[in-house]
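Beneath this line is the structure, given in structure tokens, with notes to follow.
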Amino acid sequence: MGGTASIGTMRTAYSEHRLPNGLTIIAEIDPGAHTMAAGYFVRTGGRDEPSRLMGVSHFLEHMMFKGSASVVAQDVNRRFDAIGAEHNAFTTIDMTAYHAHVLPDRQTEAISLLSDLLRPALRSEDFDEERKVILEEIAMYDDNPFWPLYERASEAFHGTNPLGHRVLGTPESIKAMEVGSMRDYFTARYSPDNTVLALAGKVDLEAAIRTAETELGAIPPQSPRNDRVASVQQRLEFTIDSAKATRHYLLGLAPGPSACDEDRYACMVLCQVLSDSDSGRLHWALVEPGLADSADVSLDMHDDCGDVLISATCDPEDATEVESILLRELGKVADGVSDDELSSVRAKVATMVTLAGERPSGRMRRLGGNWAHGLPYRSLTEELRHIESVTTADAKRVARRFPLIPWVTGRTRPVSA
């Protein structure tokens, strides 16, 4: 099977605890680490929103930093800074997360501050002010020619399924949103039984459980419905004429394995065979000859399905040739990959996964993200073994199960203003 990366044994212990109200606490403890990371992951995102509230999860992420009943907005970041925390938040189509990375002796304060974010005041005056910020953010993304292309392609690919929702929302949905609707959504979705506290690094687990119970243990569960179903993926081609674009943008979407599908490892390896920045097939076919500025294939996984994203940017005069070569290379993968290719790519993917997990913050995000997708715990060492066990036969089989040929193809081409 060729050479593989050495992974060794990683000295971590996994633990899981659940409070009476359903809040789950999971930890990957490494006594040899010098820092610890904590993050609350809520199993709610763009796909869980009614269409009329599109963007409410991301809007809520902003509102969390406006303070609780006892803390004003100006003090939120100052309190994190005072304990030396690296802190942030993010919203995706599948989940929302609030996290911090600190020295171990600041663990209790970090968890307390993160817990306070989950008790937002959701004041009307803050809502009205933050609405302007969200609309500016939407406008900023619209100025990037790739972003409207991706949003339209995702909407076309997923049809009426909320997987096609725009995480930021639309100007129309944000302008029409009312703070009362946001409060109702928060109560229903941000319940303890839909939330996990993920911990990694040098963690004092008993102290963390006590802190979480003190901070959030009295919040009642809501038994939220998670009616997530895979979309019936569609086929479509479209072109956007943009006065903001100076290059030709190509984006394709094709079905891929879900976050729970064991074939995800082989699909990840196949994507790397195609788009490795130094030695991928698309690099040599398109980027090295100077035909394309970039060419990439990646897998975006959800609970119940996956999206393979295929993209390239180039000079408008080369667009037809670039798309032809791209499709040719995507089709050739189904014929198989060589042992040498696979060996090199497996090692690179293993390195990327290991680097992402070297810091407690990376491990925390992996733990919380996997929980949000409903995955059972699997250590980083086990993940690496699955990657390294991918064979040429696996790659060929998965390439035929999930042909990397776009179902939806979108193009953005520049036009004179």
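Miscellaneous remarks
- Every pair of residues 6+ apart whose Cβ atoms lie under 7 Å, when the first sits in the stretch 75-93 and is closer than 17 Å to L60 by Cα while the second is surrounded by 13 or more Cβ atoms within 10 Å (Cβ to Cβ) and polar (S, T, N, Q): T91/S57
- The lone criterion from (1) in contact with a Gly (Cβ under 6 Å, 6 or more places away or on another chain); (2) over 30 Å from Q107 (Cβ atoms) left unmet by V179 is number (1).
- Only residues that are under 28 Å from T35 (Cα atoms) and either outside the structural domain of F41 (by TED's automatic domain parsing) or not in a helix (DSSP H, G or I) (or both) were counted across the stretch 191-212, and they come to 10.
- Restricting the stretch 53-72 to residues that are over 21 Å from S181 (Cβ atoms) and of a type in the set (A, V, I, L, M, F, W, C), the residue that is surrounded by the fewest Cβ atoms within 10 Å (Cβ to Cβ): V72
- Flag for H58 being under 19 Å from K202 (Cα atoms) and either outside the structural domain of A200 (by TED's automatic domain parsing) or not in a loop (DSSP other than H, G, I, E, B) (or both): no
- Residue count, the stretch 29-40 (criterion: within 13 Å of R363 (Cβ to Cβ) and buried (at least 23 other Cβ atoms within 10 Å of the Cβ)): 4
- Only one of the listed residues (S231, S275) is free of Cβ contacts under 8 Å to residues at least 40 places away in the same chain, within 30 Å of V337 (Cβ to Cβ) and under 23 Å from the mean Cα position of the chain (by Cα). That residue is S275.
- V390 meets each of the listed conditions (1) of a type outside the set (S, T, N, Q); (2) under 21 Å from A97 (Cα atoms); (3) part of a loop (DSSP other than H, G, I, E, B) apart from (2).
- Condition met for I387 (surrounded by fewer than 17 Cβ atoms within 10 Å (Cβ to Cβ), among the hydrophobic types (A, V, I, L, M, F, W, C) and at negative phi): no
- Output for the stretch 234-261, where each listed residue is farther than 15 Å from V415 by Cβ, surrounded by 16 or more Cβ atoms within 10 Å (Cβ to Cβ) and over 21 Å from the mean Cα position of the chain (by Cα): Q234, L236, L250
- Those residues of the stretch 278-294 which are acidic (D, E), free of Cβ contacts under 8 Å to residues at least 12 places away in the same chain and over 13 Å from K348 (Cβ atoms), in sequence order: E288
- Note on the stretch 343-354: among residues that are under 13 Å from V269 (Cα atoms) and either among the β-branched types (V, I, T) or modelled with pLDDT of 90 or more (or both), the one that is surrounded by the fewest Cβ atoms within 10 Å (Cβ to Cβ) is T351.
- Within the stretch 83-114, if we keep just the residues that are surrounded by 17 or more Cβ atoms within 10 Å (Cβ to Cβ) and assigned to a loop (DSSP other than H, G, I, E, B), the residue that is farthest from the chain's Cα centre (by Cα) turns out to be I83.
- One residue alone among T214, T195 is out of contact with any strand residue (DSSP E or B) (no Cβ under 9 Å at 6 or more places or on another chain), modelled with pLDDT of 95 or more and closer than 30 Å to D105 by Cα, and that residue is T214.
- Condition met for E130 (part of a helix (DSSP H, G or I) and either touching a Phe, Trp or Tyr at 6+ places or on another chain (Cβ under 6 Å) or touching a residue at least 40 places away in the same chain (Cβ under 8 Å) (or both)): yes
- Exactly one residue out of P376, P406 is part of a loop (DSSP other than H, G, I, E, B) and within 19 Å of L299 (Cα to Cα): that is P406.
- Answer from G331, G336, G357 - the residue that is surrounded by fewer than 19 Cβ atoms within 10 Å (Cβ to Cβ) and in contact with a Lys or Arg (Cβ under 6 Å, 6 or more places away or on another chain): G336
- Just one of the listed residues (L149, L122, L113) is touching a Lys or Arg at 6+ places or on another chain (Cβ under 9 Å), within 30 Å of R413 (Cβ to Cβ) and of a type in the set (A, V, I, L, M, F, W, C), namely L149.
- Of the residues S338, S416, the single one that is at pLDDT 90 or above and not aromatic (F, W, Y) is S338.
- Search result, residues across the stretch 172-225 that are β-branched (V, I, T), over 21 Å from H99 (Cβ atoms) and touching a helix residue (DSSP H, G or I) at 6+ places or on another chain (Cβ under 7 Å): I174, V179
The values are calculated or read from the model by the stated rules, or taken from the named source; none is laboratory data. Quick caveat, the model's predicted, so the values are computed rather than measured. A quick note on method: Cβ atoms are made from the backbone with ideal geometry, for glycine too, and the neighbour counts reach across all protein chains shown.
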